[in-house]
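Just below is one structure, and these are the notes that go with it.
Values quoted throughout were computed directly from the atomic coordinates according to the rules given, and no laboratory measurement underlies them. Quantities reported herein were computed from a predicted structural model and do not represent experimental measurements. In this analysis, Cβ positions are derived from the backbone assuming ideal geometry, glycine residues included, and neighbour counts consider all displayed protein chains.
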Amino acid sequence: MEIAGNVALVTGAASGLGEATVRRLHAAGAEVVLADVNDAGGRAVAGDLGDEDRFVHCDVTSESDVAAAVDNAALRGRLAILVHCGGGGTSARTVARDGRPHDLDAFRRVVELNLVGSFNVLRLASAAMAKNDPDGGGERGACVLTASIAGYEGQIGQVAYGSAKAGVIGMTIIAARDLAAMGVRVNTIAPGTIATPPMMMAPAAMREAFAGNVPFPKRLGQPDEYAALAEHIVENGYLNGEVIRLDGAVRFQPK
Ligand SMILES: NC(=O)c1ccc[n+]([C@@H]2O[C@H](COP(=O)([O-])OP(=O)(O)OC[C@H]3O[C@@H](n4cnc5c(N)ncnc54)[C@H](O)[C@@H]3O)[C@@H](O)[C@H]2O)c1
């Protein structure tokens, strides 16, 4: 699908993978709407693109926030691109070393943010895309979700996050089938360890250990490598229902 001339909604747009995607899609000619709970960061990125009003405050777990962000995007033109990056995680074991079981509300919060949030954004954005006129290839939209390789082989302490991301991986083929009749594609990127702000705030020794475990190239991924893949997924009309690992061939060890 052509990027230029379409409207793109990017969640988690104030930082990291979302910010890199905003910049790439903007450079490729999309009209980008930025959604995030981080107002200052989102406005700053939008301001860099020349228009702070492209930013919409949006909690991806809120039905009304996401509906408003989708409406905002659809009013600007043909909303045909979604890249959903809003998310994040915490760390706790199923049973802590002192014998305490994982807090159930903490587990629910991580699932709500990463799994329910992904579905909330996907269902509302794709419902708007279904109203588009199809392009020459019959496409009405392309959606990119963000999982994690922790959804396949989460490390110790990632039980909530890995479970939520496994749900995003599982959702991909089903949503692609659900939306096929409408000409809306759904794909997911499962990143390894990418040098976004949360990772860059980790101790240097931890970052070096992550980088050292990557077979090749022996480094963390760059946010623009994610954005480049998201851009390709949007452009490649035959890519559908797929989860693509972006990880330098690393397979997470237990810790
Ligand atoms: N960086 C990595 O190594 C890595 C690896 C695998 C998966 N991921 C996933 O990629 C996505 C982006 O992560 P990142 O590394 O760019 O982190 P980041 O912290 O730089 O960006 C995440 C953005 O999401 C926003 N956000 C958080 N909760 C939100 C909510 N409820 N509604 C809307 N926005 C919200 C934050 O404000 C932030 O701007 C996340 O889903 C993360 O789980 C990241």
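Would you tally the net charge around Q158, using a Cβ to Cβ cut-off of less than 13 Å, leaving Q158 out, and scoring K and R as +1, D and E as -1? Could the numbers behind the result be given before it?
Working: positive: R93, K165, K255; negative: E153.
Summing Lys and Arg as +1 and Asp and Glu as -1 gives +2.
Determine the sum of side-chain charges near E208: Lys and Arg each +1, Asp and Glu each -1, restricted to other residues whose C-beta is under 15 angstrom from that of E208.
That works out to +3.
Using a cut-off of under 20 Å, list every residue of segment 145-177 whose amide N is near the label point 7 Å from the Cα of A106 along the Cα-to-beta-carbon line.
Once the point is set 7 Å along Cα→Cβ of A106, 150-151, 154-166 turn out to lie under 20 Å by backbone N, inside segment 145-177.
Is it possible to state the helix-based mean residue ellipticity at 222 nm for the chain, with each DSSP H run of 4+ residues giving -39500 (n - 2.57), the sum divided by total residues, to the nearest 500 deg cm²/dmol? What is it?
-12500 deg cm²/dmol
Pulled fully out, how much extra length does the chain show between M199 and E2, if you take 0.36 nm times their separation in residues and subtract their Cα-Cα distance?
Extra length from M199 to E2 when fully extended: 67.7 nm.
How far, in nm, would the chain grow between A249 and E235 when pulled straight, counting 0.36 nm per residue and subtracting the alpha carbon separation?
2.6 nm
Only helices at least 30 Å long along their own axis, judged from Cα atoms, and with Kyte-Doolittle mean hydropathy of -0.5 or greater: name those in the chain from DSSP H.
159-180
Scan segment 193-255 for chymotrypsin sites (Phe, Trp or Tyr not before Pro) in coil per DSSP, keeping those whose Cβ has at most 12 other Cβ atoms within 10 Å, and list them by number.
Sites meeting the loop and neighbour criteria: Y238.
By how many nm would the segment from E242 to A181 lengthen if fully extended, with 0.36 nm per residue of separation less the alpha-carbon distance?
My answer for the length gained is 20.3 nm.
What number comes out for the charge environment of P223, summing +1 per Lys or Arg and -1 per Asp or Glu over other residues with Cβ under 10 Å away?
Within the 10 Å Cβ shell, the charges total -1.
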